[in-house]
Amino acid sequence: MNISKNQVDDLNLIVSIDVDKTDYQTVVNDVLRDYRRKANMPGFRPGKIPDGLIRKMYGKSVLVEELNKLVSEALNGYIEGEKLDILGDPLSVTEGEDFEWEIGNNFTFAFEIGLSPRLDIQLSEADKLVRYRIAVSDQSVDDSVETYAMHYGNYVEADTVVEMTEKLTGNIIQLDGDRQPMEDGLSATDTVMLLSLITKEELKKPFENASVNDAIDFPLAATFPNEWEIASILKRNGKEELNDIHDALFRFTIVKIEMRKKAELNAELFDNVLGANMATSIEEFKAHIRKDLETQMEDSATQKFYEDVRKYLREKYHPPLPEAFLRKYLWHINKDKVEEKALEQQFPDFLEKTRLSVISGDIVRRHNIKVDEQEVIDYAKEETRRQLVYYGIRHLDDEKVTNYAMESLREDSRVRGYISVLIDKKIMDVVMQSANVAIKDITPDEFDKLTSQNYKNETL
């Protein structure tokens with residue numbers, strides 16, 4: 001077997017593999033002999049089927065399979081031996097060619113390979129970055145306390161809508177062009193609408209100061225743009241049970257109005273929010289709330305820093321890529337799932353993610369960044385606790401948290417995600433240690449304005 005290369009340019013390589021008949025004949029003949037020994041065919045005793053018939057029936061498929069194994073091993077060995085840093089996977093140049101798949105022939109296979117550019121990422125004091133530190137104000141703590149008090153409060157009946165946070169119970173029916181109940185239109189009785197879900201001020205107006213027994217005509221789809229909200233109001237299981245109601249008017253007749261009454265700031269609320277006996281006074285309760293907010297703000301500031309670092313590294317190094325190869329590769333791996341036009345639209349994002357991957361790869365190699373098994377387990381436990389807190393479960397013993405975390409590690413995709421996050425953290429540690437990173441205090445409002453633009457969800 002002979003392997004040769006054609007270095008097209010710095011980022012593109014063609015590898016050719018010449019396979020001589022002596023490279024594969026022995027193994028192919030062994031496989032066919034095994035077929036002959038095991039095959040059952042009417043008219044022949046086991047093991048007595050003529051060799052020529054076995055070759056005619058199975059020769060080509062066995063040849064193709066063994067050549068694929070042989071060439072794949074040779075190509076992977078070549079890439080590893082030459083220490084090639086490749087992007088994606090090699091693409092067959094000879095794929096689809098009309099080979100004469102006959103035992104005894106010689107074959108040549110060629111593969112196109114996209115190479116990762118070589119970088120020299122060395123951050124120093126000349127690389128100036130900003131990491132924000134978001135201050136949690138007393139007002140933010142008070143607002144959160146107010147939100148919790150409202151969330152854990154009770155509904156009490158009222159005669160009129162006052163605050164636009166009320167819960168309405170009533171009957172709804174679809175109207176026709178003359179504002180008459182539509183025959184066979186969508187409808188529901190004894191259904192519930194939460195006015196707090198209406199976000200646009202102009203769409204709130206029909207419900208302002210409404211009273212029990214009032215009938216209100218309004219555009220349901222515009223007022224509640226989320227399909228799950230509309231399905232819930234119309235008592236349907238999902239959007240597949242809804243007709244085209246984009247421009248349709250509905251009439252809601254109010255049967256009952258309920259106003260949310262805030263919970264009192266006492267031990268019952270503290271226990272509901274924090275868990276039993278975690279706070280015995282409003283001061284202790286607020287201290288816990290402040291700590292939670294500080295954690296949230298730190299997470300937001302960290303995410304902003306990550307995004308800023310990625311943008312800075314992309315703009316500073318902007319590694320060249322074998323774009324023609326990557327376009328072919330993206331099409332190759334998605335051609336059975338996505339239309340070519342859609343792939344072309346996705347290609348710029350694909351290139352940017354590839355650039356980030358190249359940059360991160362250089363930093364990981366240069367600083368010998370690794371993630372061990374225990375780090376993954378510890379992070380899985382940390383993430384599990386975070387998720388439990390999100391769902392209001394704050395105090396679970398370590399054994400149960402560990403069990404939940406280990407269960408999540410059964411999913412390969414979850415493990416890969418954890419490893420990616422941990423590598424990202426270590427890359428950012430390198431940036432913090434190597435670059436000139438200034439810490440800047442900022443208020444939550446200032447931070448919100450700063451991050452009003454949408455950031456891409458990327459990982460290094």
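Nothing in this text is a laboratory measurement; each read-out follows from the coordinates by a stated rule. These numbers come from a predicted model, not from an experiment. Reconstructed Cβ throughout: ideal geometry from the backbone, glycine too, with neighbour counts over all protein chains shown.
Below, the figures for the structure above:
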read-out	value
Loop-resident sites, region 271-377, for GluC sites (Glu not before Pro), counting at most 14 other Cβ within 10 Å (DSSP)	Glu339
Estimated FRET transfer efficiency when R0 is 51 angstrom, pair Ile369-Ile103 (beta carbons, to 0.05)	0.55
Value of [θ]222 nm, deg cm²/dmol, for the chain, DSSP H segments ≥ 4, -39500 (n - 2.57) each, nearest 500	-16000 deg cm²/dmol
Convex hull (Cα only) mean projected area of region 154-261, reported in nm² to one decimal	6.6
Long-range amide H partners of Val437 with built H, under 5 Å	Leu129
In region 147-254, the GluC sites (Glu not before Pro) that fall in loop regions by DSSP, at most 14 other Cβ within 10 Å	Glu163, Glu183, Glu208
When each of Lys304/Lys425; Lys200/Lys235; Lys328/Lys353; Lys21/Lys56; Lys316/Lys370 is checked by Cα-Cα distance, pairs over 20 Å	Lys200/Lys235; Lys316/Lys370
Average Cα contact separation per residue, region 2-115, under 8 Å, 6 or more apart, as relative contact order %	39
Residues of type aspartates and glutamates that Lys239 reaches as a straight line, Cα spacing below 13 Å, ignoring anything fewer than 8 places off in the same chain	Glu227, Glu229
Trypsin sites (Lys or Arg not before Pro) restricted to region 355-412 and DSSP loop, no more than 16 other C-beta within 10 Å	Lys370, Arg394, Arg410
Estimated FRET transfer efficiency when R0 is 56 angstrom, pair Glu323-Met406 (beta carbons, to 0.05)	0.85
Descending semi-axes in whole angstrom, ellipsoid equivalent of the chain, from the Cα gyration tensor	59, 35, 24
